[in-house]
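Colleague: Have a look at the structure that comes next, please.
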Amino acid sequence: MLRETIAIGADHAGYALKAVLAADLGKMGYGVLDLGTNSEVSVDYPDFGFAVADAVTSGRAERGILVCGTGIGMAIAANRDPGIRAALCTGGLMARLAREHNDANVLALGSRIIGVEVARECVRQFLSTSYGGGRHADRVAKLSHPEIEAVE
Ligand code: RB5
């Protein structure tokens, strides 16, 4: 049975790592919506960040993964969509807590910052960790509705 669909995108700096992660996702049984780029020819990371964000908010994918040189540009781009909670992660603990505390729906990775095995661990944690809800719920809701009263 096919697991959820993951949208994945990268710029030229993230292309090689994206290829590795996309292949892993397929082997793990996820549907893979690969939105490019598909070579190391220079491109603009916002185009791919926006494309993955749109795939998630439109429901074509349940979650997304973005890779650029640092992960920073991709996270900024994806987070411009109000339905996206993109988390730039440099290790498995960050990826786990991004899901547990922040209900992150996009994982952003930097191919020039972390190695392949750390990236794989980030992906594993991101995909296998459930959102904790509870005390985090009001805070996550407030990300979409800043007018909500502060909680103590
Ligand atoms: C491309 O050289 C680089 O700027 C990009 O991959 C990313 O790191 C931007 O945040």
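Colleague: Based on Cα coordinates alone, diagonalise the gyration tensor for the range 1-151, multiply each eigenvalue by 5, take square roots, and list the semi-axes in whole Å, largest first.
Modeller: Numbers: eigenvalues 115, 55, 42 Å².
In descending order the semi-axes read 24, 17, 14 Å.
Colleague: With springs only between Cα atoms under 10 Å apart, run a GNM on the chain and tell me which of T90, T129, T37 wobbles the most.
Modeller: For the chain, modelled as a Gaussian network with Cα springs under 10 Å, the answer is T129.
Colleague: Let me ask something else. Regarding the range 75-152, what are the three Cα extents along the principal axes, ordered largest first, in Å?
Modeller: 41, 25, 18
Colleague: For G36, what is the net charge nearby, where nearby means another residue's Cβ is under 15 Å from its Cβ and Lys, Arg count +1, Asp, Glu -1? Before the final figure, lay out each step's value.
Modeller: Details: positive: K18, R60; negative: D11, D34, E40, D44, D47, D54.
Local charge sum for G36: -4.
Colleague: So what's the net charge close to A7: Lys and Arg +1, Asp and Glu -1, counting the other residues with Cβ under 9 Å from its Cβ?
Modeller: -1
Colleague: Angle, helix 45-57 long axis vs. longest principal axis of the chain, Cα atoms, 0 to 90°, nearest 10?
Modeller: Taking the Cα atoms of the chain, the angle to 45-57 is about 50 degrees.
Colleague: Next question. Express the relative contact order of the range 76-132 as a whole percentage, based on alpha carbon pairs under 8 Å and six or more residues apart in sequence.
Modeller: 41 percent
Colleague: A follow-up question, please. Can you tell me the dipole magnitude for the chain around its Cα centre, using point charges on the Cβ only (Lys, Arg +1; Asp, Glu -1), in Debye to the nearest 20?
Modeller: Here the size comes out at about 360 debye.
Colleague: Would you mind counting up the charge near A104? Only other residues with Cβ under 11 Å from its Cβ, with Lys and Arg at +1 and Asp and Glu at -1.
Modeller: Spelling it out: positives minus negatives among the neighbours equals +2.
Colleague: What list of ³J(HN,Hα) couplings, whole Hz, do you get for the range 122-129 from phi and the Karplus terms 6.51, -1.76, 1.60, once you set θ to phi - 60° and write x for glycine and proline?
Modeller: These are the phi-based 3J(HN,Hα) values: 4, 5, 4, 5, 4, 7, 9, 9 Hz.
Colleague: Still on this structure, please answer the following. Can you tell me the 0 to 90 degree angle between the C-alpha axis of helix 15-27 and the longest principal axis of the chain, rounded to 10?
Modeller: The answer is roughly 70 degrees.
Colleague: Could I ask something else about it? Answer with one residue from Y45, A75, I8: the one whose Cα lies farthest towards the positive end of the charge dipole of the chain, charges on Cβ with Lys, Arg +1 and Asp, Glu -1.
Modeller: I8
Colleague: Let me know the charge dipole size of the range 1-76 about its Cα centre in debye, to the nearest 20, where only the beta-carbon of Lys, Arg (+1) and Asp, Glu (-1) is charged.
Modeller: Numbers: 5 positive and 9 negative charges, 55 e Å.
Value, rounded to 20: 260 debye.
Colleague: Calculated from DSSP H runs of 4 or more alone, at -39500 (n - 2.57) each and per residue, what is the 222 nm mean residue ellipticity of the chain, nearest 500?
Modeller: -12500 deg cm²/dmol
Colleague: Further question: In whole percent, what relative contact order does the chain give with Cα contacts below 8 Å and a gap of six or more residues?
Modeller: Numbers: 309 pairs, mean separation 32.2, N = 152.
That works out to 21 percent.
Colleague: For the ranges 52-64, 95-107, what's the packing order if you count other beta-carbon atoms within 10 Å of each residue, average per peptide, and put the highest first?
Modeller: The most tightly packed comes first, giving 95-107, 52-64.
Each value in this text was obtained by applying a stated rule to the coordinates, not by laboratory testing. Because the structure is predicted, anything quoted here is derived from the model rather than measured. Note that we place each Cβ from the backbone using ideal geometry, even for glycine, and neighbour counts take in every protein chain shown.
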